[in-house]
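Encoded as structure tokens, the structure appears first; notes follow it.
Bear in mind these aren't lab numbers, they're just calculated from the coordinates by the rules spelled out. Note that the structure is predicted; figures quoted are calculated from it, not measured. Virtual Cβ from ideal backbone geometry, glycine too; neighbours counted across all protein chains shown.
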Ligand SMILES: [Mg+2]
Ligand SMILES: [Zn+2]
């Protein structure tokens, strides 16, 4: 059986706009330009989408899991308008000041879980992020990696992502 092509996506700065502070309320929230169209095109090419996001504001007590889910739901609703679904949402709620873990990027725990769960084909699967720690995590998991600028439109990368 052919293995799944997965695009792992960082959340803030890739799906919703990075605002240089934690995003945990709808008043903070907007989507990155072009993301719905980009993911719809990649879905046509057979990719599955998995989110992997550090949310250490939870460990710090700045916001709750439920606040995070509010943003995740808003993202999911936006993408649904384009026929796009996120197959799984992985998040790391930890911060090294409070507890150690293997999920916080640049560690690759979230990516390993997604790869195992969906039988990902590493040679055709990507991690897309806007921070160096995203790219480190992707490489640690053996994925192809794409580093974009925060809030960059993904549409120009569609062809490249599919041509491996
Ligand atoms: Mg980010
Ligand atoms: Zn963690």
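What percent do you get for the relative contact order of the chain when only Cα pairs under 8 Å and 6+ apart count?
On the way: 290 pairs, mean separation 52.0, N = 164.
It rounds to 32 percent for the chain.
Please label the shape of region 1-49 as rounded, prolate or oblate, based on the square roots a ≥ b ≥ c of the eigenvalues of the alpha-carbon gyration tensor (a/c under 1.5 means rounded; beyond that, a/b larger than b/c means prolate, else oblate).
The shape class here is prolate.
Kindly state, to the nearest 0.05, the FRET efficiency for residue 28 paired with residue 81, given R0 = 25 Å and r defined as their beta-carbon distance.
Numbers: r = 20 Å, r/R0 = 0.81.
Computed FRET efficiency for residue 28 and residue 81: 0.75.
Compute the distance in nm between two label points, each set 7 Å from the Cα along the Cα-to-Cβ direction, one at residue 70 and one at residue 45.
3.6 nm
Only counting other Cβ atoms within 10 Å, I'd like 152, 85 sorted with the fewest neighbours first.
85, 152
How far, in nm, would the chain grow between residue 119 and residue 133 when pulled straight, counting 0.36 nm per residue and subtracting the alpha carbon separation?
On the way: separation 14, 0.36 × 14 = 5.04 nm, distance 2.37 nm.
Contour length minus Cα-Cα distance gives 2.7 nm.
Can you sort 30, 56 so the residue with the fewest Cβ neighbours within 10 Å comes first?
30, 56
Cut-off is 10 Å between beta-carbons; in what order do 110, 160, 68 appear when sorted fewest neighbours first? Walk me through the numbers on the way to the answer.
Values: 110 26, 160 11, 68 21.
Ordered from fewest to most neighbouring Cβ atoms within 10 Å, 110, 160, 68 come out as 160, 68, 110.
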